[in-house]
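Chemist: Dropping the structure in here first, questions after.
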Amino acid sequence: MDKAVITNKLTKKFGDFVATNEITFDVAQGEIFGFLGANGAGKTTAIRMLCGLLKPTSGDARIAGFDVYRQTEQIKQVIGYMSQKFSLYEDLTVRENIRFYGGIYGLNRADLKAKSDQIIEQLNLGSVADKLVASLPLGWKQRLAFSVALVHNPRIVFLDEPTGGVDPITRRQFWDMIYEAADRGTTIFVTTHYMDEAEYCNRVSIMVDGRIKALDTPSGLKRSFGTDSMDGVFQILARGTSTK
Amino acid sequence: MTRIRFIIEKEFKQIFRNAVLLRMMLAAPVLQLILLAYAANFEVKNLNIVVVDQDHTTYAQRLVGKFRHIDNFRLKGYVPAYKPAYRELLASRADLILLIPPHFERDLGKENRASIQLLVNAIDGSKAGIASGYAQTIIRNFNDEIRTETVAVQQPATGGRLEIENQYWYNPRLEYKTFMVPGILFELLILVGGMIAALNIVREKEIGTQEQLNVTPIRKHEFILGKLTPFVIIGLVQFTMGLLVGIFLFQIPVVGSVPLMYGFAFLFLLLCVGLGLLISAISETQQQAMFAVFFCLVLFILLSGLFSSTENMPTWAQYLNTLNPLRYIIEVGRNVMLKGSTFRDMQSQFVALLLMAVALISLASWRYRKTV
Amino acid sequence: MNRFFAFVRKEFYHIQRDRRTVLILFGMPLVMVILFGFALTNEIKNAQIAVLDFDHGQHSQRIIDRLLSSGYFRLRQSLTSYRDIEATFRQGHVKLVVVFPPNFTNDYAHDGLAQVQLLADASEQNTAISLTNYATSIIQSYNNEQNPPNAASPLQISVEPRMVFNPDLKGAFVFVPGVMAMVLLLVSALMTSVTIAREKETGTMEVLLVSPLSQLQILFGKVLPYLLLSFLNGCIIIALGIFLLGIPLNGSLLLLLAETLLFIFLSLSLGLLISTIAETQLVAMFASLLLMLMPTIFLSGFIFPIESMPRALQFISQIIPARYFIDIVKGIMIKGVGLGYLWKETLVLVSMSALLMGISLHNLKPRLE
C-alpha cells in the first residue's frame, strides 16, 4: 500500500504495433517520478493506461492499490490528470472552471468555495478570477490547470508534458508548485521533454521504443552512463537505438 | 447525483456565453417558421400568360379579356406568331401561351366548333397541370357564356343530377399555414436540438476537455443526463416560442391538449438529443458529426410527410419510414393540434417514439467513452 | 508553386482520411435523387377511406364499388353514424369519408337530384385536396354514364393543351436542378466555412498564416479541393438525372459544366465570407444553415413556386443565387437554350461571386496584420 504505482510487464498493442512493451516499475507515495522518452516512445500510452483511459493488452498495474482492469472508477477518485492538450474550458471563467471540476469530483458547496479562494489566492489570480480562461497567458493557464488537477486532493497526479511551450521562468514557477504538492505528500508522475526538468525529479525512467531502458535517480543515471548531464544520458540511450 | 448539476450548470454557462450561437439558436426557429409558413404554398398563382391572337375578332378579344383581372393569371401581352411566343417560353417570360388561330370566330359561327391551342411550360409538371386546368376552366366558362347568348333556350336537364358537396375538416379554408405550421413546429426541434447536441461532445473531444472529463469519477449516465438536460430545456423554450408565433402571428387553431403537445415535444427532444449525442460519440471531428447529422436530417425531413404525403410512397420507402422519428411527431403535431386527437389516438406514435428514444440514449451512453 | 501544391495535397489528405465524410458527401446526392425520384410522389394509391352509407341502395353501392375498384381507394371502415367520423379522423388513418344521405338512391332515380358528401381531413392538406379531386371525378363520371349527353352542344370550343418541354410531366425535371444547387452549395460553402473555422479553432490557422505562403495562396489552397469535389458531385448528379431519371440534355454540356463551375465558385466565396465572420465550427455551421441552406430550399423555387409567395419573400428570393442557377440548369438541359437566353442569369451569378469574393478578401486582411 505504500507504493502509489506498481506495474508489472504492462503492455499495450495497437494491432501489430507495440506501443508499450512489458514495462515494470513502481513509484513510492510522495515521490516525484520523471517519465522520459522521445516522442512516440510510448509515454502517453503508458500514462493513459495508468489513468484508466486505455485498457492494457497484458500485464498488471495497480494505482494506489486499485487494479487498472477492474477498478478504474476507484482509480479516478484518487488521481489527478493534466494532459498535453489544454484541458480547461476557455469559455468559462477561472472561478467557473474550478467550480465545475470541483463539483465533478463531488466537493460540497463549502469546500468548493474554500478551494476556489485558496487556488485563486495561491496563483495570484485575484484580478482575473472572473475573466474567461481564454484571455489568460499560457503559463497562467497551465498553472491553473495543475491546480484544478489537484482540486480534490488526489493521492497521485499524472502530468503529461505539462510545461510544453512556456518560457523558462514560468517553467521554474510550475516546478515550484510541483514541489509544494509533493511536500504535502502527493505523488507526482510527470512526463517531459526537458532534460533540465528531469534533474528536479526524485527518480527518472527513460523509455525508448516502448521499453524502459533506464530507471534510477538522476545522479545514479549520470554516474552509470558516465556523463555529467541528463541530456548526455538521454543522448546515449536515444543514439543507441537509432543505430540499431 | 449532484455531479449532474455541475454539468448542466457548465453547459448553460457555455451556451449563454456564446452570444452568436444563442442568438442563432433562438432566431432559427422563428425565422424558419415565418419563412416556411409564408413560402410553403403549393398554390399556383400569378401565372404569366402571353397571347397569340391571329383572329382579331370580338370573340377572341372577349376570351382574352377573361384572363385579365384574375388572381391566377397575369396577362403579359400579345405576340404576333407562334415562333416569338415559343421564345417567350424559352426565356421564362411566359408560363402559358394562348394561341387563337385565324378564323376562330368564323369557324365557331359556321361550323359550330373551333379550337384553341394552349402551350404550357411543363418543366414543373404539377404546376403545369394545374395551370392548364385553370385556363381550360376559363375557356369552358367563356364557351358557356357565348352559348347562352346565342342559343336562347336552355336545354332542360335530363335524368338525375348528382351534387357533390366537399367539406374540408379542420382547415375549411385550406390555409397552407394551418397545414404547415404544426409540422414545422416539431421539425424544428430535431434541427436545432439534435444538431447542437451532436456537435457538443465532439467539440469537447476536439478541444481536449473530454479526456480530462474521462479521468474524473463521473459516471456515464451522469454525463449523458447532464448533457441531455440543457438541450431539452432549450428545445422546450424554442417550442414555446414557435407555438406562440404559430398561435398569435399565424392564428393556427390549437384544438387539442397543450400539455399533451408538450409531453410529446419532451419525448421527441429526448430522442433528438439522444441521436445527437450518439452521433457525437461515434464521430471524431465536428465536421464528421455535422455531416452525419445533416444526412439524417435530409433523409428524415424528405420522408417525413412535411411536404408530401407518406401514404403514397412506394413500399420500400414506407418500410424505411417506420424508423423515421420525424414522421411520427409530425403526425402527432397535426393530429393533436388541429384535430384534437387524444393520447389514446396517438398511442402507436407514442410507443414508436419512446422505443426510439430509449434505444438512442442507451446506444449513446454505451458508445460514449469506449471510443476515447 | 511547389509549396502551394504541397498545401493543396495536405487538404486532400484531410478529406481522404475522413472516410465517413467522403461517403456522406457522395452518398447524399445519390440518396436525394433516389428519394425525390422514386419516393416522393403525390400520386394517390390505395388511400384508406371510410364510408358512411345511410342509403344502402343500388346507386350508393355502385358508386362505392366504383371508388374502390379504381385502385386509388381502399375501404378501411364502414361507419354507422356521423359521430364516428370525428373519432375516425382523430386516429389519423382515414383521410376521406364518403357520406350518402338516406334515400340517396331514391332521390337520384326519381327526383333527379341527389347529394353525396365528401369529407376530407384537411390537416393533411395536399392529400385532402387530391383525394377529393380523385373521388369527385370518379363520381362525376358515374353520373355522366347515367346521363349520356343527347346531342352535340352548339358552339363547341375545344382546347388543345400542349405540355411543352416536359410532355410526360416528370417530376425529375424540377427537382434535379434543385438537388444540384443544394448539394453544391452544401459541399462548397458549408465545407469551406467549416474547415477554415476548424483551423482557427485548433490554432493551425496561425501556423499557416506565418508560413511563407501568401494569404491568397492559403485561401485558394483551402478552397481548391472542395471545388473539385463539388464539381465531381455536380457531374454525378447530372449523370444520374440523365441516365436514371431520363432528363434530356438538349443544350451544350460544355456550357452546363461552365455554369456549374461558376455556381461552385460563388458558393465557395459565400463559404469564405462566412468563415471570415465565424470563429468556431459551430457558428460557421449554423450560419451556413440559416443564411444559405434554408433560404435555398424554401425560396429558390425548388419546392414551392416563387410566384405564389408574398411580395416580400419574392423580393428576397432575388438574392438567392440558387434561384438563378436552377433557371440556368433547366434552360440548358431541358429547353436547350444557350447563353443568348441565359446571359442575364449568368451575369447575376458572376457579379454575386465577384461581390462576395471581394467582401471576404477585404474582411480577411486585418486578420493577417
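Chemist: How far is helix B:19-39 tilted, in degrees, relative to the longest principal axis of the Cα atoms in chain B, given as a value from 0 to 90 rounded to the nearest 10?
Modeler: 30
Chemist: Using a 1.4 Å probe on the protein heavy atoms, what percent of the accessible area of region A:162-244 belongs to carbon and sulfur?
Modeler: 50
Chemist: Take the Cα radius of gyration of region B:47-154 and divide it by 2.2 N^0.38 Å, with N its residue count; two decimals is plenty.
Modeler: Ratio of Rg to 2.2 N^0.38 Å for region B:47-154: 1.08.
Chemist: Going by alpha carbons, how many degrees (0 to 90, nearest 10) lie between the helix axis of A:94-104 and the longest principal axis of chain A?
Modeler: Rounded to the nearest ten degrees, it is 70.
Chemist: What whole-number value in Å² describes the accessible area per residue of region C:67-164 for a 1.4 Å probe?
Modeler: Per residue, region C:67-164 has 46 Å² of solvent-accessible surface.
Chemist: With the convex hull built on the Cα atoms of chain A, state its orientation-averaged projected area in nm².
Modeler: 13.7
Chemist: Name the residue, out of C:VAL159, C:VAL187, C:VAL350, whose mean-square fluctuation peaks in a Gaussian network model built on chain C with Cα pairs under 10 Å.
Modeler: Top of the fluctuation ranking is C:VAL159.
Chemist: Near the amide H of A:VAL204, under 5 Å away, which other amide H atoms are found, from residues 5 or more places off or on another chain, if H is placed in the peptide plane?
Modeler: Answer set, sorted by chain and number: A:GLY34, A:ASP216, A:THR217.
Chemist: Using protein chains only (no ligands, no nucleic acids) and a 1.4 Å probe, work out which residues of region C:124-139 have their accessible area cut by at least 20 Å² relative to the chain alone.
Modeler: Checking the loss per residue gives C:GLU124, C:GLN125, C:ASN126, C:THR127, C:ILE129, C:THR132, C:THR136, C:ILE139.
Chemist: Show that you can apply the helix-only estimate: for the protein assembly as shown, add -39,500 (n - 2.57) for every DSSP H stretch of four or more residues, divide by all residues, and state [θ] at 222 nm to the nearest 500.
Modeler: -17500 deg cm²/dmol
Chemist: Follow-up question, since we're still on this one. Give the ranking of A:LYS113, B:LYS83 by solvent-accessible surface, highest area first, calculated with a 1.4 Å probe.
Modeler: I get B:LYS83, A:LYS113, largest accessible area first.
Chemist: Normalise the Cα radius of gyration of chain C by 2.2 N^0.38 Å (N = residues in it) and let me know the number.
Modeler: After normalising by residue count via 2.2 N^0.38 Å, the value is 1.36.
Chemist: Mind listing the Cα extents of chain B along all three principal axes, in Å, largest one first?
Modeler: Ordered largest first, chain B gives principal extents of 97, 48, 40 Å.
Chemist: Once you put a point 7 Å from the Cα of B:LEU31 and another 7 Å from the Cα of B:LEU236, both along the Cβ direction, what distance in nm separates them?
Modeler: 2.6
Chemist: Here's something else I'd like to know. Can you pull out the trypsin sites (Lys or Arg not before Pro) in region B:304-372 whose DSSP state is coil and whose Cβ has at most 13 other Cβ atoms within 10 Å?
Modeler: B:ARG344, B:LYS370
Chemist: I would also like to ask the following. In nm, give the distance between the simple-model label positions of C:LEU228 and B:LYS66, each being 7 Å from the Cα along the Cα-to-Cβ direction.
Modeler: Modelled inter-label distance: 6.1 nm.
Chemist: May I pose another question? Relative to the first principal axis of the alpha-carbon coordinates of chain B, what is the inclination of helix B:220-244, with its axis defined by its Cα atoms, in degrees from 0 to 90 and to the nearest 10?
Modeler: Rounded to the nearest ten degrees, it is 30.
Chemist: Probe radius 1.4 Å, ligands and nucleic acids ignored: give me the carbon and sulfur share of the accessible area of region B:240-333 as a rounded percent.
Modeler: Looking at region B:240-333 in its full context, I get 74 percent from C and S.
Chemist: Could you do me a favour and compute the accessible area per residue for region A:3-238, 1.4 Å probe, result in Å²?
Modeler: Dividing the accessible area of region A:3-238 by its residue count gives 41 Å².
Chemist: Find the eigenvalues of the gyration tensor of the Cα atoms of region C:43-164, then list the square roots of 5 times those eigenvalues as equivalent ellipsoid semi-axes, largest first, in whole angstrom.
Modeler: Equivalent ellipsoid semi-axes, largest first: 27, 22, 11 Å.
Chemist: Another question, if that's okay. Check cross-link reach from A:LYS55 to the lysines: straight Cα distance under 20 Å, and skip same-chain residues fewer than eight apart.
Modeler: Result set, ordered by chain and number: A:LYS9, A:LYS12, A:LYS13, A:LYS43, A:LYS76, B:LYS205, B:LYS220, B:LYS370.
Chemist: If r is the Cβ-Cβ distance from A:GLN118 to B:SER348 and R0 is 60 Å, what FRET efficiency results, to the nearest 0.05?
Modeler: E(calc), rounded to 0.05, equals 0.55.
Chemist: Let me ask another. Please identify the DSSP H helices in chain C that span no less than 18 Å along the helix axis (Cα) and have a mean Kyte-Doolittle hydropathy of 0.5 or more.
Modeler: Passing helices, by number: C:19-34, C:172-185, C:215-239, C:253-277, C:339-368.
Chemist: Roughly how many Å is it from the Cα centre of region C:253-309 to that of region B:207-248, as a whole number?
Modeler: Spelled out, the Cα-based centre of one part sits 29 Å from the other.
Chemist: To the nearest whole percent, what portion of all C-alpha pairs in region A:1-72 is separated by more than 18 angstrom?
Modeler: 33
Chemist: Could you rank the peptides B:122-135, B:193-206 by their average count of other C-beta atoms within 10 Å per residue, with the highest value first?
Modeler: Descending packing order for the listed peptides: B:193-206, B:122-135.
Chemist: Related question: What's the center-to-center distance, using Cα atoms, between region B:48-95 and region B:328-372 in Å?
Modeler: Comparing the Cα centres of region B:48-95 and region B:328-372, I get a distance of 53 Å.
Chemist: Further question on the same structure: Restricted to Cα positions, what overall size does the protein assembly as shown have along the principal axes? Three whole-Å values, descending.
Modeler: So the three principal-axis extents are 127, 66, 52 Å.
Chemist: Let me ask another. Say the cut-off is 32 Å between C-alpha atoms; which of B:LYS127/C:LYS95; A:LYS85/B:LYS13; C:LYS10/C:LYS170; B:LYS45/B:LYS83; B:LYS45/B:LYS110; A:LYS213/C:LYS200 go over it?
Modeler: C:LYS10/C:LYS170; B:LYS45/B:LYS110; A:LYS213/C:LYS200
Chemist: Something else: For region B:47-154, what is the accessible area per residue in Å² when the probe is 1.4 Å?
Modeler: Solvent-accessible surface per residue comes out at 49 Å².
Chemist: Mind checking how much accessible area B and C bury in total, 1.4 Å probe, in Å² rounded to 100?
Modeler: 10600
Chemist: Check B:GLY340: other-chain or 5+ apart residues with amide H under 5 Å from its amide H, H built from backbone geometry?
Modeler: B:VAL255, B:GLY256
Chemist: Can you compute the FRET efficiency between C:ARG74 and B:LYS220 using 1/(1 + (r/R0)^6), with r the Cβ-Cβ distance and R0 = 51 Å? Round to the nearest 0.05.
Modeler: Approximately 0.60, to the nearest 0.05.
Chemist: Using modelled amide H (1.01 Å from N, peptide plane; none on Pro or chain starts), what sits under 5 Å from the amide H of A:VAL5, excluding residues fewer than 5 places away?
Modeler: A:VAL27, A:ALA64
Chemist: Let me ask something else about it. Could you work out the relative contact order of chain A? I mean the mean sequence separation of Cα pairs under 8 Å and 6+ apart, divided by the number of residues, in percent.
Modeler: Contact order relative to length: 26 percent.
The values are calculated or read from the model by the stated rules, or taken from the named source; none is laboratory data. Please read these numbers as outputs of a predicted model, since none were measured by experiment. Note that each Cβ is placed from the backbone with ideal geometry, even for glycine, and that neighbours are counted across all protein chains shown. Accessible surface areas use protein heavy atoms only, side chains included; no ligands, DNA or RNA. Shrake-Rupley method; radii C 1.70, N 1.55, O 1.52, S 1.80 Å.
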